[in-house]
Amino acid sequence: MKRLLPLCLLVAGMLLPAIASHAQRIAFVDTKYILGKMPDYQSAQSELDRLSSQWQKEIDDRWETIRKLRDAYNAEAILLTDDMKAGRREDIEKKEREARDLQKKRFGPDGDLFKKREELIQPIQDRIYQAIKEVAGTTYVAIFDIGGKGNNVLFASEKYDKSDSVLRKLGIRPDKEGDAGNTRNEEDEQPERQPDDGGAQPQRDGGSSPDRGGENSIKPPR
């Protein structure tokens, strides 16, 4: 029994680092919290709020002008000839189209506000993503975001991507042509090793954004 004790201690000493390493393979960050602590983000958000209010007022003023024109038309219609009525209605409809076009230009899916948000917020998100990648290093297999929508994966090591293994289980041979940068390989049955930083890649959403991911979502750099 006494002889077995040193051997057990030796084995335990060898296994504990491996157990600790496995326990640290997955982590999470709260990007909403991180963004809230960044002065650059606060300044960018203030600028976006200012532009949004300015552009919304511009649109509201146009609709108020249209409302007054329509009220005046309704009040004076009985005194107008048919040609005058048609001309007034055409003028009102034209202004309505212009107001709708302006609203789409400012606040549409690819409008001015979206482009400005990309310009101001994306560089900040890229810096956060780079910091997350550096923190992950060779220690973490994946890092989740609990501050965005859907607890997205911000960082994932390709070494642990088992998509091709699942395809093989389904009787489908993965297509390797034209995919030289993919580290998925035929050696899935070999023991897993700790990932190195060079084998890491961001986990990208399959769906679309966003609402383009939301203003607090971190998107990997393009």
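Only the coordinates and a few stated rules stand behind these numbers; no lab work does. This is a predicted model, so every value here is computed, not measured. All Cβ positions, even for glycine, are placed from backbone atoms using ideal geometry, and neighbour counts span all protein chains on display.
Give me D49, D126, D145 sorted ascending by neighbouring Cβ count inside 10 Å, so fewest comes first. Intermediate values should be presented prior to the final figure.
Working: D49 10, D126 15, D145 23.
Sorted ascending by nearby Cβ count, the order is D49, D126, D145.
For T138 and M84, compute 0.36 nm times the residue count separating them, minus their Cα-Cα distance, and round to one decimal in nm.
Numbers: separation 54, 0.36 × 54 = 19.44 nm, distance 7.66 nm.
That pair, T138 and M84, stretches by 11.8 nm at full extension.
Taking the Cβ of R70 as the center, what net charge do the other residues with Cβ under 12 Å away carry, scoring Lys and Arg +1 and Asp and Glu -1?
Combined, the nearby Lys, Arg, Asp and Glu give -1.
Using a 10 Å cut-off around each Cβ, can you sort W63, W55 from fewest to most neighbouring Cβ atoms? Don't jump to the answer; show the numbers that get you there.
Details: W63 14, W55 19.
Least crowded to most crowded, the residues run W63, W55.
Lysines within cross-link reach of K85: Cα-Cα under 20 Å, excluding same-chain residues under 8 positions apart?
K68, K94, K95
Quick check on the exposure proxy: order R168, R88, R97 from fewest to most C-beta atoms within 10 angstrom. Please list the in-between numbers first.
On the way: R168 13, R88 17, R97 10.
With the sparsest Cβ surroundings first, the list reads R97, R168, R88.
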